[in-house]
Structure formats: C-alpha cells, structure tokens
Amino acid sequence: MRLRRRRCLVCYWHEGEFVAHPYPDGAPVALHPATAEVLTAFEDWTTLKQATAALDHLTEATVGEAASVLREHRLLIAEDTHEADLDAQIAHAWRSWEPEAPFFHYATQDTVTAETRAQAAREPHGSDEVPVVLDGPLPAIFTAYPDVDRIMLPRRPDPRLNTGLGNALYGRRTHRDFTTEPVDLPTLATLLATCFAPVDYIDAGPLGALIRRTSPAGGARQELDAYLAITNVKGVPAGIYHYNSREHSLESLAEGFTGEEAAYLCAGQDWAEGAAFLVVLVAVVERMRVKYRMPRCYRVSLLNAGHLGQTFALTATALGLGPAQTGAFGDTAIARRLGIDNTARIPVYVLAAGHPHPEPGNAPPPADLDTFRTHRATLTTTSTRSVHVPAPFAKA
C-alpha cells in the first residue's frame with residue numbers, strides 16, 4: 001500500500017500548538033511540529049519502506065506508527081481510494097486559488113449545525129441561533145470621528161427615487177467611463193442616506209439597540225462602515241471622508257485625493273481615475289464577532305457587502321449616476337489611506353460612481369448572432385455524470 005500527504009492540507013500555529021487542518025472534511029488536530037518532517041516524506045505516493053529510507057534517523061516501526069496516526073487524522077491518504085480521488089479533484093478544481101480560497105471555503109463549511117445551535121442556547125446570553133459572548137463592553141453600532149471637521153449633508157426627499165424598480169433593475173450597468181461633470185452634493189447625500197443610514201432601530205436584548213438599513217444584514221450587526229475618497233463632488237473638497245450615518249454628515253479625515261490615486265488604490269484599474277468618488281466598505285470586525293464566534297460568519301460579512309453593493313448600484317442608477325464596483329484593490333494601501341488599522345477594521349469592497357459617459361469606450365459590445373455561433377460551446381455545459389439524491393430528499 002502506498003500513502004501520500006493530502007494535498008488539501010493547511011498547517012499553522014494556534015495558541016502555542018502546531019495544528020494540521022485537512023479539508024474538506026477533516027478536523028484540525030494539534031500535533032508535534034516534527035510531524036511536518038514525516039508528512040514531507042510522503043509528498044508523493046510512497047511505501048512505508050521508501051519513507052523510512054528518506055527518514056533515515058527513524059526506524060520503520062516509528063515511521064509506521066506515525067503514519068498510522070496521520071492516516072487516522074486524514075493527513076495521509078491511501079492510493080486508489082475515494083478519499084484520494086476527492087483530494088485530487090479539489091486540488092485540481094481550485095488549483096490557481098489554493099491554498100487560501102479552498103481552505104477558507106471548506107474550513108467554514110457546514111459549521112452551523114443543530115448541535116452548535118443547542119450549545120448556543122446553553123451559553124450566557126445565548127439563543128437558539130448563535131452563541132453570544134459578552135467579554136467586554138459592547139462595540140458601538142456607529143462609527144464617528146467627533147474631533148474632525150464635517151460637512152452636514154442635506155436631508156430632503158429626492159423624487160428620482162420614485163423610479164420604478166424594474167427601470168432601476170434593467171437600467172443598471174457597471175460603468176467604466178465617466179464624464180468630468182461633478183456630482184452635486186444633494187445627489188451624493190441621497191445615495192449615502194438610502195444605502196447606509198438607519199431606517200429604524202430594533203431592541204436586540206443583551207446586545208442593545210441595533211439599526212436596520214435598506215439592505216439585509218446578518219443579525220442586523222451592520223458591521224460595514226462607508227468611507228469615501230472624493231475627487232469630483234460639487235461643494236466638497238477632494239479628500240478622504242467617513243460617512244457618519246447617525247448624523248448624516250461627511251467627516252473629513254484627510255485633504256486631497258486624485259483620480260490617479262483612485263486608479264492606484266484599485267489595483268491599477270484606469271477606469272477608477274474618472275469616477276467622481278469611491279466608497280470603501282470597511283468591516284468593523286468586533287461588531288460581528290461579539291455575537292457570532294464561528295469563522296463562517298466572515299462569509300456573512302462578505303455577503304453583507306454584496307447586499308450593500310447592489311443597493312448602491314440600483315440607487316445610483318435611479319439617481320442618474322453610473323455605478324461601478326470592484327474587489328480588486330490594494331488592501332494595505334487603502335487601509336493606510338483611510339487611516340484604519342486593517343486589523344479590527346478591514347476594507348472588503350470598493351464601490352464607485354460618477355456621471356456616465358454617453359459614448360463609453362470601455363463598455364463591451366452587445367452580442368449578435370455571430371457571437372452565439374462562435375461561442376456556442378461555452379454557453380452550455382452538458383453534464384454526463386450521474387447525480388445521487390440522498391434518500392430523505394429523493395422523489396417517491
């Protein structure tokens with residue numbers, strides 16, 4: 001029998017212990033750091049004798065005992081098994097994203113179970129949903145910079161938001177070309193209020209008062225703050241601002257900002273240079289972590305950013321702006337520019353807007369009949385694999 005180190009494996013130090021964490025279905029296990037040397041001997045399909053020869057300072061019995069333990073914890077897998085096939089399939093499917101993306105995906109998969117929900121109910125301040133651990137004062141639900149200058153934003157209804165939902169949905173496009181016309185302050189104020197300001201407040205018991213926005217958010221934690229990098233808004237000097245959603249104001253954090261800098265922060269994307277402003281969604285980790293301890297909830301923060309991004313795009317469209325969004329940006333550079341620590345407050349999404357150019361040069365052309373003829377093979381995938389439906393969900 002030949003064994004091999006699992007390809008889908010991440011090792012790390014945690015709380016003073018060396019941890020090996022196989023995925024997709026293995027559990028993390030604390031081992032002696034010397035384990036890494038044994039795993040290295042099984043880099044490819046290897047017999048026990050071959051591994052012993054590579055580890056010439058260990059006896060075959062010692063290597064065999066170590067291999068048995070590693071197999072038990074699913075760190076070593078046997079040749080010609082379902083486990084080996086699955087490991088190879090995942091390593092191939094995620095090959096250009098490993099190890100970060102597949103580890104994050106599988107390590108946070110299926111972490112919410114009936115057992116964890118029951119455990120949550122037994123914990124202090126718990127519920128039947130998730131554990132709530134109050135190990136200090138509650139984090140504030142609003143972020144504010146009280147000692148900086150601010151621009152109070154106008155509050156008045158905007159009739160453009162009476163646009164039908166269908167018009168906004170079907171009119172929404174991602175724009176990469178903008179005019180040099182500045183965005184007026186009332187339009188920016190309406191956009192920020194609609195997307196990020198409170199709609200109402202709810203009583204969350206031991207977690208205090210929470211706010212709701214026009215977008216859904218896990219547990220109403222509202223852990224995402226809006227920071228702005230403004231270049232072309234009428235009446236607002238170019239610079240870095242924080243949107244204070246409680247008082248509906250722009251708090252001035254730094255003077256000066258250029259389109260060239262916007263492109264640099266967005267990983268060299270030239271289109272960002274023409275946007276009137278960027279909105280960086282920043283996650284305040286403690287707001288989410290104080291209620292949800294399981295790592296899966298980082299996924300929820302990313303989903304929440306997506307909800308806000310869609311609301312932003314539809315609202316901007318209704319207001320006559322051209323919205324854009326990107327996940328390609330320099331995390332460290334943006335955090336430094338915003339003045340946040342990139343530890344407890346982390347940038348997760350960049351939105352942008354400006355007046356759309358009437359003759360966009362970066363917009364893709366519409367598909368015609370030749371497009372469908374040429375790319376027919378990429379439009380439809382026919383699966384030849386059989387699908388097994390688990391018995392509880394199988395049709396009678």
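Any read-out appearing in this document is the output of simple, stated calculations on the displayed coordinates, not a laboratory observation. Being a predicted model, the structure only gives us computed values, none of them experimental. With ideal geometry, Cβ positions are generated from the backbone for all residues, glycine too; neighbour counts draw on all protein chains shown.
Points to keep in mind about this one:
- Net charge over other residues, Cβ less than 9 angstrom from the Cβ of residue 285 (K, R count +1; D, E count -1): +1
- Whole-angstrom gap from the stretch 178-221 to the stretch 271-332, using each part's C-alpha centre: 12 Å
- Dipole of the stretch 170-312 [Lys/Arg +1, Asp/Glu -1 at C-beta], most positive-end residue of 308, 207, 236: 207
- Whole-number percent relative contact order across the chain, with pairs defined as alpha carbons under 8 Å at least 6 apart: 15 percent
- Close amide H pairs (under 5 Å, H built 1.01 Å from N) link residue 254 with 240, residues at least 5 positions away or on another chain.
- Exposure proxy for 65, 261, 223: other Cβ atoms within 10 Å of each Cβ, ordered fewest to most, give 65, 261, 223.
- For the chain, a crude dipole built from +1 on the beta carbon of Lys and Arg and -1 on the beta carbon of Asp and Glu, taken about the Cα centre, is about 1100 debye to the nearest 20.
- The stretch 7-121 - percent relative contact order, Cα under 8 Å, separation 6 or more: 26 percent
- Each residue, residue 97 and residue 254, gets one label point 7 Å from its Cα in the Cβ direction; the gap between the two is 3.1 nm.
- Using θ = phi - 60° in the Karplus curve 6.51 cos²θ - 1.76 cosθ + 1.60, the 3J(HN,Hα) couplings for the stretch 48-58 round to 4, 5, 5, 5, 5, 5, 6, 9, 5, 8, 10 Hz; x is entered for Gly and Pro.
- Rounded to the nearest whole Hz, the Karplus-based 3J(HN,Hα) values (6.51 cos²θ - 1.76 cosθ + 1.60, θ = phi - 60°) of the stretch 239-249 follow the sequence x, 9, 9, 10, 7, 7, 6, 6, 9, 6, 9, with x at glycine and proline.
- Relative contact order (%) - the stretch 150-354, alpha-carbon pairs under 8 angstrom, separation at least six: 26 percent
- Computing percent of Cα pairs over 35 Å apart directly from the structure and comparing it against [x] 46; [y] 31; [z] 19 singles out [x].
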